[in-house]
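Report on the structure given below.
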Amino acid sequence: MSYPRLDKLAEVLVRYSTGVRRGELVSLHGPILAEPLITALYRQVLRAGGHPAVYLAPEACARILLQEGSPDQLSFLNPLDVREVEAVDVAIHVLASENTRALTNIDPSKQALRSKARRPAMDIFLRRSAEHQLRWVATPFPCQAAAQEAEMALDEYENFVFGAGMLDRPDPAVAWRTLSQRQAGVVSFLQGIRKLRFISPNGTDLSVGTAGRTWINCDGHENFPDGEVFTGPIEDATEGTVCFDFPAVHGGREVQGVRLTFRAGRVVDASAAKGEEFLLRMLDQDAGARVLGEVAIGCNYAITRHTRNTLFDEKIGGTFHVALGSSYPESGGKNQSGLHWDMVCDLRPGGRIEADGRVISEHGRFLNRDWPQP
């Protein structure tokens with residue numbers, strides 16, 4: 001891998017995405033596989049005057065806990081993890097895997113129990129983020145397993161990742177600010193909308209209520225790459241059916257052909273062509289898991305293909321996605337859950353978005369030319 005590109009990515013994450021300031025405590029999380037990027041981030045945090053704290057963990061530990069942990073151990077929330085979420089000013093998470101299918105044969109009930117146990121820490125994280133006490137970003141480290149999932153050679157995948165992050169531009173921060181301005185127009189319009197309807201030839205006809213909720217402009221500050229606008233939908237106002245085109249990946253498990261039907265805000269019917277048992281276990285882990293915590297529109301037209309990586313797939317220009325489970329408080333969403341599972345629907349093959357009955361997007365393209373475009 002080209003280390004100068006990693007240095008450039010690290011600089012953008014520290015200087016633009018999280019804006020690390022002198023004296024701030026910055027946690028750097030990732031698997032051992034991501035050490036080159038963690039090291040580059042460590043250097044950039046020091047140069048910004050921050051105090052980096054590194055948490056490198058062997059990827060196998062999570063699988064061993066799920067395989068061999070007792071119910072008490074799976075339900076245990078480490079107080080040190082809670083203390084970290086309470087104390088840090090900035091958290092940077094690097095995502096990478098040596099084997100994206102390592103958890104495929106794990107009992108779904110164990111994964112649900114572990115997810116439920118981590119909910120208090122997640123609640124603190126989301127609250128501090130909403131109150132601007134904690135800034136964070138998650139980013140992928142290009143690796144062989146991710147490239148294989150995307151059906152690319154590693155060098156192709158590296159180019160894809162850095163291109164999606166606009167790191168091939170002379171000044172990536174300027175490029176992200178330009179996208180931010182275009183997305184701001186979408187946010188401004190949607191802020192006055194009461195209901196969105198998503199329709200696609202794949203069987204999707206889903207309506208969500210958004211009156212009084214806050215739309216968020218995602219422009220590279222919490223996910224990187226980024227490029228979406230989202231809000232927390234009204235919890236009891238989701239109606240209809242959504243069919244997801246791309247595989248839905250969560251906790252190292254892939255579910256394909258997901259179809260969800262909502263009535264009065266709750267999933268009343270759920271099915272999948274592959275991984276249905278896991279899907280149902282996740283939906284039944286707590287009271288909030290069958291309610292939407294997020295609805296979003298992808299605006300990054302530099303990403304044109306799905307890669308079985310939700311961080312990229314949910315940003316594809318011409319898609320929309322919803323998340324089952326917990327809301328982000330800053331969006332006005334009130335749903336709470338140990339789950340937050342994003343699933344993506346492609347609107348490019350004949351789909352459309354209606355806002356209070358007015359068509360604003362057709363075939364994956366906004367009709368307003370001042371908004372993000374291919």
Pick from segment 180-217, criterion without any contact (Cβ under 8 Å) to a residue 40 or more places away in the chain and assigned to a strand (DSSP E or B), ranking: most open to solvent (accessible area, probe 1.4 Å): Asp205
Residues within segment 1-43 that are open to solvent by 10 Å² or more (accessible area, probe 1.4 Å) and either farther than 17 Å from Leu56 by Cα or without any contact (Cβ under 8 Å) to a residue 24 or more places away in the chain (or both), tallied: 20
Qualifying residues in segment 220-229 (those that are open to solvent by 20 Å² or more (accessible area, probe 1.4 Å) and either among the aromatic types (Phe, Trp, Tyr) or part of a loop (DSSP other than H, G, I, E, B) (or both)) - the one farthest from Asp313 (Cα to Cα): His221
Search result, residues across segment 78-117 that are surrounded by 13 or more Cβ atoms within 10 Å (Cβ to Cβ), farther than 25 Å from Asn223 by Cα and of a type in the set (Val, Ile, Thr): Ile106
Val255 vs. criteria assigned to a strand (DSSP E or B), surrounded by 17 or more Cβ atoms within 10 Å (Cβ to Cβ) and at pLDDT 95 or above: yes
Count - residues of segment 50-77 that are over 24 Å from the mean Cα position of the chain (by Cα), open to solvent by less than 80 Å² (accessible area, probe 1.4 Å) and without any contact (Cβ under 8 Å) to a residue 24 or more places away in the chain: 2
Within segment 304-374, strands (runs of 3 or more DSSP E) holding 3 or more residues that are open to solvent by 10 Å² or more (accessible area, probe 1.4 Å): 340-346, 358-362
The lone exception for Leu280 - which of (1) open to solvent by less than 30 Å² (accessible area, probe 1.4 Å); (2) modelled with pLDDT of 95 or more it fails: (1)
Counted residues, segment 36-73 - those being of a type in the set (Asp, Glu) and either within 17 Å of Phe141 (Cβ to Cβ) or modelled with pLDDT under 95 (or both): 1
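The values are calculated or read from the model by the stated rules, or taken from the named source; none is laboratory data. Quantities reported herein were computed from a predicted structural model and do not represent experimental measurements. A quick note on method: Cβ atoms are made from the backbone with ideal geometry, for glycine too, and the neighbour counts reach across all protein chains shown. Remember, those area values only see protein heavy atoms, side chains included, never the ligands or the DNA or RNA. Shrake-Rupley method; radii C 1.70, N 1.55, O 1.52, S 1.80 Å.
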